Every structure is written in C-alpha cells, then in structure tokens.
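Engineer: Take this structure, written in structure tokens, and hold onto it; I'll ask about it next.
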Amino acid sequence: MKGSAGQTAKPKRTDAEKRESRIGWAFMAPFGVLFALVFILPIFWAIYSSFFRQVSEGGGAYGGGELVNKFVGLQNFQYAITSSAFWTGVGRVLIYTVIQVPIMIISALALALLLDSFIVKRVTAFRLGYFLPYAIPGVVASIIWVYLYNGQISPIVKGLAAIGINVDFFATNVVLGSMANITTWTFTGYNMLIFLAALQAIPHDLYEAARIDGANGFQIAMRIKLPNVRAAALLAMLLSIVGTIQLFNEPQVMSTADSGIGKAYTPMMMALSTSQGTLTPGGDGPASAIAIVMALIAGVLAALYALVERKVNEQ
C-alpha cells in the first residue's frame, strides 16, 4: 500500500512488539534517570554557573557585606584563558600526556601480545594480575606511591641508595615523571584488556594460513595482529588523552608531601582551589569556567588525534 506521497506506508507494529518496546524502555529507565542526574544535569549546571561569580554587596567602607552570585557573562572564561597559571598548568599536562600516554599504550599492547601468544600459559592469572592495579581507587594508589617515593621510609629509595643511586622522586625535574609512573601503573592493565579483546577477536584461520606460508610468530604479530588492533588503539588513545588532561589525583595527593606542587599545578587543581576560595577569584563560577575550557581542550585534542589516525590509515 502506498500513501498520498507515493511512498510505501510503514507496517503497523503489533501489540506484542509495542509491549516489548515498553518493557525495553522500562528496563532502560533507571539507567537513563541516573545518567541524567549524575552526568547530564551537572554539565548543564556547570555551564549555567560559569556565567556567575560571587561578589560582596552591602559592605561599608571597611569591607564586609554579603556574598551573592552575580551574572558576569564571559568574565570567568576571560579569567581562565588569560591566566598565566592556567596555561602553565595546561603546559604541564600536555607534556605529561605526550610522555605518559605512549609509554602506557605501548606497554599495554606489549602485554596483550604476550598474553595472546602461545608462550604464556595460565593467561587468566596474568590478566587478573595486570588488571588489579586499576581496581585500586586512584587516590589510594597515589597514597601508596607517595609512601614509596618518600626518601625517609621508602624501601625503593633506600634500596637504590644502598647500591649508590640517590633518587629524589619529588625533585622539580622528576616529580612529573613520578606522577606519570603512578598513572602508568594504574591504567596499563585496563588498556591491555582493550587490546587483548581485539586480539582474541581476530579469526585464528589467519594465523594458520600465515604459518602455512612460512610466517614466524614475530611476522604474524607485525602483519596480522597489529593491523587488526588499530581500532582498539584508537579507543585506548582517546580514553587516555581525555583521562590525562584531567590529571588531578596524583598531584593533589603528592602535594601533601611536596610543597613545590602548588594549588594551580594542574588546571583541575586550579579549579578545585578556585571553588574552595583559596585562589582569587573564588567560587563555583570561575571553577566551572576552568573545567569547561579544559573539556573543550580535551575534545579538540581527541578530535585531532582521531583525524590524524584516520589520515594515516587511509594512506
């Protein structure tokens, strides 16, 4: 049957299909509500509050007065993008990302290739062991490593000193690497699982055909396995870039043991300090503006990487 526009009319859904659809939406409803409350709503609230700033009104000649939220338009964003402390923190985070992410991704890929090979037996035990650091909350992991970095009590520092190697993990030119080590230790196993899932999805017929043609294990890894994990590598890189741009736990915890790590060491620390009023201007408005600018920077970096990856794959 055709409608007035000459197009084929869509068949009407049966009562059973409508019932299944309602059941499906009913199962999704709890997740949808929670997702909106803990993710969508805070984003809109952050955008809204970024246009306001706490100012004092009603004070006399000696100050005082009541703090009220005042609409300031784009002044909070102007504060963020013109702050030298903000861009210094962004620079630290970018250096951190350029160094830490490739090391972590290469390590994760190497572990995944090792577990996918015929060399390693009892893969489940190794896979669980590599993944366990990710199960430890980020703050707890940072506290553990701060203990291991402490020159007074650290078995690592004392062990290195015993063989004549004196290391200060909190030195100015070393502390960023110390943070990178914590992140790498925590998230390498997580990214390894992404690569391992992609490797195990490759048809084993390809391996058999390659062995019949005389290919060894290294050639199979380079010419079959690696090309087939590009999509997984893109996902892991995107997640890692977005995650490292939000660097917070490691420097925040390490600042308790290193006074050289200031309140604006990274943009996320700057946002927290601003919201707590320990940096000027204080309040939720400037902090939200900083967070939104960082979200935009993370989105641009992720988009640029995805574009470069697509161009490379097309060649």
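The values are calculated or read from the model by the stated rules, or taken from the named source; none is laboratory data. This is a predicted model, so every value here is computed, not measured. Here Cβ is always computed from backbone atoms with ideal geometry, including for glycine, and neighbour counts include all displayed protein chains. Calculation scope for accessible area: heavy atoms of the full protein, side chains included, ligands and nucleic acids excluded. Shrake-Rupley method; radii C 1.70, N 1.55, O 1.52, S 1.80 Å.
Engineer: Give me the distance in nm between label points sitting 7 Å out from Cα along the Cα-to-Cβ direction at L148 and A295, one decimal.
Structural biologist: Taking the simple label geometry, L148 and A295 are separated by 3.4 nm.
Engineer: Shape of segment 131-264 from its Cα gyration tensor (a ≥ b ≥ c, root eigenvalues): rounded if a/c is under 1.5, otherwise prolate when a/b > b/c, or oblate?
Structural biologist: Taking the square roots of the gyration eigenvalues as a ≥ b ≥ c, segment 131-264 is prolate.
Engineer: Between K70 and R211, what length in nm is gained on full extension when 0.36 nm per residue of separation is reduced by their alpha carbon distance?
Structural biologist: 43.7 nm
Engineer: Among Q152, Q246, Q100, which one moves the most in a GNM of the chain with springs linking Cα atoms closer than 10 Å?
Structural biologist: It is Q152.
Engineer: Ok, one more. Suppose every K and R has +1 on its Cβ and every D and E has -1 on its Cβ; what is the size of the dipole of the chain about the Cα centre, in Debye to the nearest 20?
Structural biologist: Dipole of the chain, to the nearest 20 debye: 860 debye.
Engineer: Got a number for carbon plus sulfur as a percent of segment 161-315's accessible area, 1.4 Å probe?
Structural biologist: About 60 percent, which is the carbon plus sulfur part of the accessible surface.
Engineer: Give me D for the chain in µm² s⁻¹, whole number, from Stokes-Einstein with Rh from the Kirkwood sum over alpha-carbon pairs, 25 °C and 0.890 mPa s.
Structural biologist: Working: Rh = 24.0 Å.
In µm²/s, the coefficient is 102.
Engineer: Set the Förster radius R0 to 45 Å, insert the Cβ-Cβ distance between V98 and H204 as r into 1/(1 + (r/R0)^6), and round the FRET efficiency to 0.05. The partial results should precede the final answer.
Structural biologist: Working: r = 37 Å, r/R0 = 0.82.
Efficiency, from the Cβ-Cβ distance: 0.75.
Engineer: Related question: Can you figure out the FRET efficiency of A162 with E309, using R₀ = 41 Å and their beta-carbon distance, to the nearest 0.05?
Structural biologist: Calculated transfer efficiency: 0.35.
Engineer: Report the gain in length on full extension from F39 to K12: 0.36 nm times residue separation, minus Cα-Cα distance, nm rounded to one decimal.
Structural biologist: Using 0.36 nm per residue and subtracting the Cα-Cα distance, I get 6.1 nm.
Engineer: I've got another one for you. Relative to the present Cα-Cα distance, how much length would full extension add between R19 and M222 at 0.36 nm per residue of separation?
Structural biologist: 68.0 nm
Engineer: Arranged from highest to lowest average of other beta-carbon atoms within 10 Å per residue, in what order do the peptides 138-148, 200-210, 167-177 appear?
Structural biologist: Descending packing order for the listed peptides: 138-148, 167-177, 200-210.
Engineer: Taking the Cα of I81, stepping 7 Å toward and past its beta carbon, and measuring to each backbone N in segment 272-304: which are under 20 Å?
Structural biologist: 281, 285-304
Engineer: Specify whether the C-alpha gyration tensor of segment 117-172 places it in the rounded, prolate or oblate class, a ≥ b ≥ c being the square roots of the eigenvalues: rounded for a/c under 1.5, otherwise prolate if a/b is larger than b/c and oblate if not.
Structural biologist: It is oblate, given that a/c is not under 1.5 and a/b is not larger than b/c.
Engineer: Under the rule of -39500 (n - 2.57) per DSSP H run of 4 or more residues, summed and divided by the residues of the chain, what mean residue ellipticity at 222 nm is obtained, to the nearest 500 deg cm²/dmol? Please report the intermediate quantities before stating the final value.
Structural biologist: Details: 14 runs with 205 residues, N = 315.
Mean residue ellipticity, 222 nm, calculated: -21000 deg cm²/dmol.
Engineer: If you count, for each residue, the other Cβ atoms within 10 Å and average over each peptide, how do 82-91, 108-117 line up from highest to lowest?
Structural biologist: Working: 82-91: 15.4, 108-117: 19.6.
Final packing ranking: 108-117, 82-91.
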